[in-house]
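Just dropping this structure here.
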Amino acid sequence: MSLKEKIVFITGASSGIGAATALAFASQGVRLLLAARRAGKLAQVASLALERGAATVHSIDLDVRDHRAVQNAIDTLPPEWAQIDVLVNNAGLSRGLDKLYMGKIEDWDEMIDTNIKGLLYVTRAVVPGMVVRGRGHVVNLGSTAGEFTYPGGAVYCASKAAERAINDGLRQDLLGTPVRVTSVDPGMVETDFSLVRFRGDAERAAKVYKGVTPLTPEDVADAILWAVSRPAHVNIARVSLTSVDQANSLLFHRKP
Ligand code: NDP
Ligand code: 8X3
């Protein structure tokens, strides 16, 4: 399916998987609507996207945890940007790796507010328009963490298990419309994810990827682009991908 001139809205586009997805879609000549909180980083991605072939780029400074800001951002889009064809619900994060009974309430709140509630707010603001227009595709970022919980990760894993349920529920609720819903569930991907999880502790973050070849953000972007570019009658429900050094969220092959 040609994506030329389609409007593709990506949350969390300032870094990692979101940025790589913006660039992958840019090469298809789409119109890119990019959102995140760090406007400077978003501007760098926007400029690269134009170099890679995006038709146009519009950036929004947005915190997905703020439901009024999310609704307002969608309601006040310039008319030429309002008809979103593809939504990539990518904004998300993990905080900490504490045992659950020692966990920090603020870490739990941030993960739940971003990964679950933020995803719901954006979906609620964008999908009604897709139903009215009779076209659209929602791609949600899940994780292998949503399938099997790992030690210290209960709340992050729960947020991705919730994504799984929301993804499947949305697909059921959209049955009878042409709007498609896909979950893309990567294993370990080398991005700022671990740096954010460990609040800037680069040494601890680097250890996460020690001895394994992780997925790259481009690998995930490729899977997203593949799902979105299937013929209009094909709905890819879920794409699960890991590097060959990972079997699931609990099992890795680490070279010494
Ligand atoms: P990064 O830290 O590189 O990127 C996270 C993105 O989310 C940033 O652009 C950040 O932008 C944005 N974001 C975070 N909080 C908010 C918020 N409140 N409002 C708006 N944007 C926000 O990590 P990844 O690229 O790895 O993560 C992207 C998604 O992929 C997440 O949902 C993550 O759970 C998922 N994932 C990651 C895996 C991995 O191993 N890396 C594996 C499986 C899934 P800004 O800070 O500028 O707002
Ligand atoms: C991110 C992958 O396994 O680091 O969802 O939680 S993991």
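Tell me, which residue of segment 61-94 that is assigned to a loop (DSSP other than H, G, I, E, B) and open to solvent by less than 10 Å² (accessible area, probe 1.4 Å) is farthest from Phe193 (Cα to Cα)?
Ranking the qualifying residues of segment 61-94, first place goes to Ile84.
Only residues that are surrounded by fewer than 16 Cβ atoms within 10 Å (Cβ to Cβ) and either among the β-branched types (Val, Ile, Thr) or outside any loop (DSSP other than H, G, I, E, B) (or both): list them for segment 95-116, please.
Leu100, Tyr101, Met102, Ile105, Glu106, Asp109
Separate question: Only one residue in Ala82, Ala161 is touching a Gly at 6+ places or on another chain (Cβ under 6 Å) and aliphatic (A, V, I, L, M), so which one is that?
Ala161
Limited to segment 191-214, what total is found for residues that are touching a helix residue (DSSP H, G or I) at 6+ places or on another chain (Cβ under 8 Å) and of a type in the set (D, E, K, R)?
Counting residues in segment 191-214 that are touching a helix residue (DSSP H, G or I) at 6+ places or on another chain (Cβ under 8 Å) and of a type in the set (D, E, K, R) gives 4.
So, one more: Inspect segment 143-159 for any residue being under 19 Å from Thr11 (Cα atoms), open to solvent by 50 Å² or more (accessible area, probe 1.4 Å) and within 13 Å of ligand 2 (Cβ to nearest atom) and give the result as yes or no.
No, that holds for no residue.
Just to verify a result, which residue in segment 188-209, among those that are of a type in the set (Val, Ile, Thr) and touching a residue at least 40 places away in the same chain (Cβ under 8 Å), is farthest from ligand 2 (Cβ to nearest atom)?
Of everything passing the filter in segment 188-209, Val196 is farthest from ligand 2 (Cβ to nearest atom).
Residues in segment 216-232 that are open to solvent by 30 Å² or more (accessible area, probe 1.4 Å) and touching a residue at least 24 places away in the same chain (Cβ under 8 Å): how many?
Looking only at that region, the number is 7.
If you don't mind, there's one more thing I want to ask. Go through segment 16-30 and count every residue that is open to solvent by 60 Å² or more (accessible area, probe 1.4 Å) and in contact with a strand residue (DSSP E or B) (Cβ under 9 Å, 6 or more places away or on another chain).
1
Hey, another quick one. Out of (1) open to solvent by less than 60 Å² (accessible area, probe 1.4 Å); (2) more than 12 Å from ligand 2 (Cβ to nearest atom); (3) in a loop (DSSP other than H, G, I, E, B), what's the single condition that is false for Val212?
(2)
Give the residues of segment 1-15 that are assigned to a loop (DSSP other than H, G, I, E, B), of a type in the set (A, V, I, L, M, F, W, C), surrounded by fewer than 24 Cβ atoms within 10 Å (Cβ to Cβ) and at pLDDT 95 or above, sorted by residue number.
The one that is assigned to a loop (DSSP other than H, G, I, E, B), of a type in the set (A, V, I, L, M, F, W, C), surrounded by fewer than 24 Cβ atoms within 10 Å (Cβ to Cβ) and at pLDDT 95 or above: Leu3.
The values are calculated or read from the model by the stated rules, or taken from the named source; none is laboratory data. Only a predicted model underlies this, so the values are computations on that prediction, with no experimental measurement involved. Here Cβ is always computed from backbone atoms with ideal geometry, including for glycine, and neighbour counts include all displayed protein chains. Calculation scope for accessible area: heavy atoms of the full protein, side chains included, ligands and nucleic acids excluded. Shrake-Rupley method; radii C 1.70, N 1.55, O 1.52, S 1.80 Å.
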